[in-house]
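A quick write-up on the structure given underneath.
The values are calculated or read from the model by the stated rules, or taken from the named source; none is laboratory data. What you see is a predicted model; the values in this text were computed from it and never measured. Cβ atoms come from the backbone with ideal geometry, glycine included; neighbour counts cover every protein chain shown. All accessible areas refer to the heavy atoms of the entire protein, side chains included, with ligands and DNA or RNA removed. Shrake-Rupley method; radii C 1.70, N 1.55, O 1.52, S 1.80 Å.
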Amino acid sequence: MNIKTGLCIWFLVVGLMGCSAKKTADPELAGIEAYAKAEVKIERMRKQEEPDWNAIKAQYEITSAIVKKYDARLGMQYDSDIRQALSKCAAGQKVKVNQQTLAKGLQHVTVLAIRDELDGNDKAVSAKRIRAYFEGIRPTFIRRDQDFFGESKTLQAAADAALEHLAKAGSADFLAARREIEDVIARTYGLCVLFEITDIEKLRNTDLDKCEVKKAEADIFYRIIEPRIKKRSPKIAEAISNMLNGNYATMDSSVLEKNLEAGLAPISLR
């Protein structure tokens, strides 16, 4: 083989490899990564002393395509609700309450997207997408670790182990890996609901405005785990909903915790 022929073959092989790489690349992954980064950025920006709601809205636009995707697929209206909430925040209307529709609504969409990817046909592609989506909600896992487990990264470690298992899982153990990530998400958001109601118990005689914020958070956090609880026990799901929709005076975190654990079994919250 002469040098000219060898070079032609080499370029042909490289070209075929390049075409193969393009075919196997995930065209949606970059968008998901941008979504997760914007979600985290929104969380940081909204907590500033004087949030720039125009800048926050610009970040929301990065996430909106995925929000609309799941609105259309699941019959929701988060995009409309979030835009209304952003307008109210910009106008100074109950800012701390209304911004929860944006912050917690995006978390709900993220969890729905993760569940959707778990049903995907290409498990390797789905595992990468799930890992990317998870970075959007990681701050919540960090906060709940701090609230319930101190220095121990209990929830984060469980989530990272589940994501690693999912990435390496073959068809034989995919269901086990899937159950791990679903369980740690359910556990974390169960603790989120419990955290907000525990705070309401502490504040209901002194700060009703803050209680309203806490209830707005608890409502959407519970929305994330309600389908799982309702599937296991409609009666428990109804009891939790009744508490969340009731008066602050009747909210009882000890009763709530028992109901959450019964509804999310075999998960233990703590």
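With respect to (1) open to solvent by 60 Å² or more (accessible area, probe 1.4 Å); (2) in contact (Cβ under 8 Å) with a residue 24 or more places away in the chain; (3) of a type outside the set (A, V, I, L, M), the lone exception for Asp252 is condition (1). The single condition among (1) more than 14 Å from the chain's Cα centre (by Cα); (2) crowded, with 16+ Cβ neighbours inside 10 Å that Asp147 does not satisfy is (2). In the set (1) in a helix (DSSP H, G or I); (2) closer than 24 Å to Arg228 by Cβ; (3) not basic (Lys, Arg), Val97 fails one condition alone, (2). Taking first residues from the range 114-130 that are at pLDDT 95 or above and partners that are part of a helix (DSSP H, G or I) and aromatic (Phe, Trp, Tyr), the Cβ contacts under 6 Å between residues at least 6 apart in sequence or on separate chains come to Ile114/Tyr133. Return yes when Ser268 is open to solvent by 30 Å² or more (accessible area, probe 1.4 Å), within 26 Å of Gln156 (Cα to Cα) and of a type in the set (Gly, Ala, Ser) and no when it is not. Taking the combined requirement at face value, the residue satisfies it. Taking the conditions (1) over 16 Å from the mean Cα position of the chain (by Cα); (2) open to solvent by 40 Å² or more (accessible area, probe 1.4 Å) in turn, Val97 satisfies each one other than (2).
Filtering the range 76-94 to residues that are among the hydrophobic types (A, V, I, L, M, F, W, C) and under 18 Å from Glu39 (Cα atoms) leaves Ile82, Ala85, Leu86, Cys89. Checked against (1) more than 19 Å from the chain's Cα centre (by Cα); (2) part of a loop (DSSP other than H, G, I, E, B); (3) farther than 21 Å from Asn54 by Cα, Gly92 meets all criteria but (3). Would you confirm whether or not the range 192-211 contains a residue that is under 26 Å from Leu112 (Cβ atoms), in a helix (DSSP H, G or I), open to solvent by 30 Å² or more (accessible area, probe 1.4 Å) and touching a residue at least 60 places away in the same chain (Cβ under 8 Å)? Looking through the range 192-211, none of the residues is under 26 Å from Leu112 (Cβ atoms), in a helix (DSSP H, G or I), open to solvent by 30 Å² or more (accessible area, probe 1.4 Å) and touching a residue at least 60 places away in the same chain (Cβ under 8 Å). For the range 164-191, which residues satisfy the criterion of being surrounded by fewer than 20 Cβ atoms within 10 Å (Cβ to Cβ) and in contact (Cβ under 8 Å) with a residue 24 or more places away in the chain? If the condition is that a residue be surrounded by fewer than 20 Cβ atoms within 10 Å (Cβ to Cβ) and in contact (Cβ under 8 Å) with a residue 24 or more places away in the chain, then Ala167, Ala169, Ser171, Phe174, Glu182, Asp183 are the ones that fit.
The number of residues in the range 36-83 being open to solvent by 80 Å² or more (accessible area, probe 1.4 Å), basic (Lys, Arg) and farther than 14 Å from Lys104 by Cα comes to 4.
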